[in-house]
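The values are calculated or read from the model by the stated rules, or taken from the named source; none is laboratory data. Quick caveat: nothing in here was measured; it's all calculated off a predicted structure. A quick note on method: Cβ atoms are made from the backbone with ideal geometry, for glycine too, and the neighbour counts reach across all protein chains shown.
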Amino acid sequence: MQTIRGFRDILPETISLWQKVEKEATQLFEAFGFKEIRIPVLEKTELFARSIGEATDIVEKEMYTFADRKGDKLTLRPEATASIVRSYVQHKMYASDPVRKFFMTGPMFRRERPQKGRYRQFYQIDAEVFGIDSPYMDSQLIFILHELFKRLGLTGLSAHINSLGCPECRPSFQSALLKFLESRKDRLCENCLRRMDKNPLRILDCKMSECKDALTDAPSTLDHLCPVCKDHFETVKRTLETQGVDFMVDKTLVRGLDYYTRTAWEIQTTTLGAQSSVAGGGRYDGLVAELGGPPTPAIGFAIGFDRLVEVLEQMEAPLEPPLDLFIVSLGDAAVEKAYFWSCELNRKGVSTELDFRGKSMKALMKRADKLKAGHVLIAGENELAQNTVLLRNMATTEQVSLTLDHLVWI
Ligand code: HAM
């Protein structure tokens, strides 16, 4: 039996990097006032269709959707934002305190064509903020990403930022875009032509090379921003500059989901081939109201966990969790003693291994090497008869004889 296409096991050999990233992210989020939230993997299809948008690639062709036994249409979550908004509205969190900051980590599902950095089950580290419309929040989220990547020792990433405007400035942009698209109609793919009526902004996100070429001089939202959106974007840029966060304004960045307003961004790398986006996010000030809550500004981002780990793997060897101590025990009496000692040491948090198979000293030392033990405790029949053991430092090969009184855990 094999995993299904685009799904994979994350094996123990690579898990230390996943754990390191998760630990750093959790510490950082908590320091910035975020609380963990856990949401279901399965939701009503309608939630994603309404939030992400009917005419997006995700909703049109990538969702794992099925009818359950009662015929309800359900979908494996392709992202977390919609569910977290649903939770915020369902539990009326806005009533006691509209300002909420959440983070979560977990699997997402999109039926895309699998390749390096792109899977059908992938993981995201997601952060969302509700109730704050200040541009400082936009800057702070980009700053948090910048800080996390710095702590992980990542280099060579660039933040691309854009402003997608608000319902005030959209109509002027949309009509300029439609006029431009009409003039390029003969160069657009069928999918784009179909989307012209439904959702022309999505055409700017088309991955087909002919469309990309036809759209190089397409109008930009930046030329149509209303004064409030303009000011907002200026403050975001100014504060990022002051904080020393490298970014570039990328007027072609539109993101693949419909809910965005104002600031949108992606953190890109050049080291993962076609899958260059390691994280993406933006403001979505209309979504809470769209899903039945009171008008509430909101903003967030998601990091592609698999991609982040892949970038880290290219930079460093995965950290093996080191074994503190291997006990080499020779003879039945020593094996029994070693068994008690290892239980006691493990209980106290010292990772300890031993081998019950009655192997030779040479074989056991080999095993200690293989497990990358920091120290080896050698308890042979002769040593025990004299109430001693040997402790060997595997890095320096220094070896000391200890009496059993030294073994404080006994
Ligand atoms: P997204 O850009 O669709 O945004 O996904 C965020 C990140 O997830 C991407 O930058 C990428 O690193 C990773 N990702 C997406 N698809 C795959 C895949 N098939 N395989 C591996 N990694 C993938 C969102 O999901 C929004 N919910 C982000 C957000 C949160 N916006 C506001 N709040």
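Exactly one residue out of GLU22, GLU60 is without any contact (Cβ under 8 Å) to a residue 40 or more places away in the chain and of a type outside the set (Lys, Arg), and it is GLU60.
Among the conditions (1) β-branched (Val, Ile, Thr); (2) touching an Asp or Glu at 6+ places or on another chain (Cβ under 9 Å); (3) within 8 Å of the ligand (Cβ to nearest atom), the only one that THR296 does not satisfy is (3).
Of the strands (runs of 3 or more DSSP E) contained entirely in the range 73-150, those carrying at least 3 residues that are touching an Asp or Glu at 6+ places or on another chain (Cβ under 9 Å) and either within 10 Å of the ligand (Cβ to nearest atom) or within 26 Å of GLU241 (Cα to Cα) (or both) fall at 100-109, 121-130.
Could you check how many residues of the range 386-410 are assigned to a helix (DSSP H, G or I) and either surrounded by 10 or more Cβ atoms within 10 Å (Cβ to Cβ) or in contact with a helix residue (DSSP H, G or I) (Cβ under 7 Å, 6 or more places away or on another chain) (or both)?
Of the residues in that region, 2 qualify.
Among residues that are assigned to a strand (DSSP E or B) and either touching a Gly at 6+ places or on another chain (Cβ under 7 Å) or modelled with pLDDT of 95 or more (or both), ASP306 is not included. Would you check which residues across the range 276-290 are buried (at least 18 other Cβ atoms within 10 Å of the Cβ) and assigned to a loop (DSSP other than H, G, I, E, B) and list them? Scanning the range 276-290 gives TYR284, ASP285, GLY286. For the range 373-380, the count of residues that are outside any helix (DSSP H, G or I), in the same structural domain as ALA333 (by TED's automatic domain parsing) and without any contact (Cβ under 8 Å) to a residue 24 or more places away in the chain is zero. Of all the listed residues (THR216, THR263, THR271), the sole one being farther than 23 Å from ASP138 by Cβ and either in a strand (DSSP E or B) or free of Cβ contacts under 8 Å to residues at least 24 places away in the same chain (or both) is THR216. Could you list, ordered by first residue, the pairs with Cβ atoms under 9 Å in which the first is in the range 332-347 and surrounded by fewer than 19 Cβ atoms within 10 Å (Cβ to Cβ) and of a type in the set (A, V, I, L, M) and the second is modelled with pLDDT under 90 and in a helix (DSSP H, G or I), at least 6 apart or interchain? Pairs found: ALA333/GLU381; ALA333/LEU384. Restricting the range 22-72 to residues that are in a helix (DSSP H, G or I) and polar (S, T, N, Q) leaves a set whose member that is nearest to ASN199 (Cα to Cα) is SER51.
Cβ separations smaller than 8 Å between residues 6+ apart or across chains give the following pairs from the range 65-82 residues that are basic (Lys, Arg) to residues that are within 10 Å of the ligand (Cβ to nearest atom): ARG77/SER83; ARG77/MET108; ARG77/PHE109.
Across the range 274-298, the number of residues qualifying as in contact (Cβ under 8 Å) with a residue 60 or more places away in the chain, more than 19 Å from VAL59 (Cα to Cα) and under 15 Å from the mean Cα position of the chain (by Cα) comes to 3. Of all residues in the range 356-410, those satisfying the criterion of being over 15 Å from LYS337 (Cβ atoms) and hydroxyl-bearing (Ser, Thr, Tyr) are SER360, THR396, THR397, SER401.
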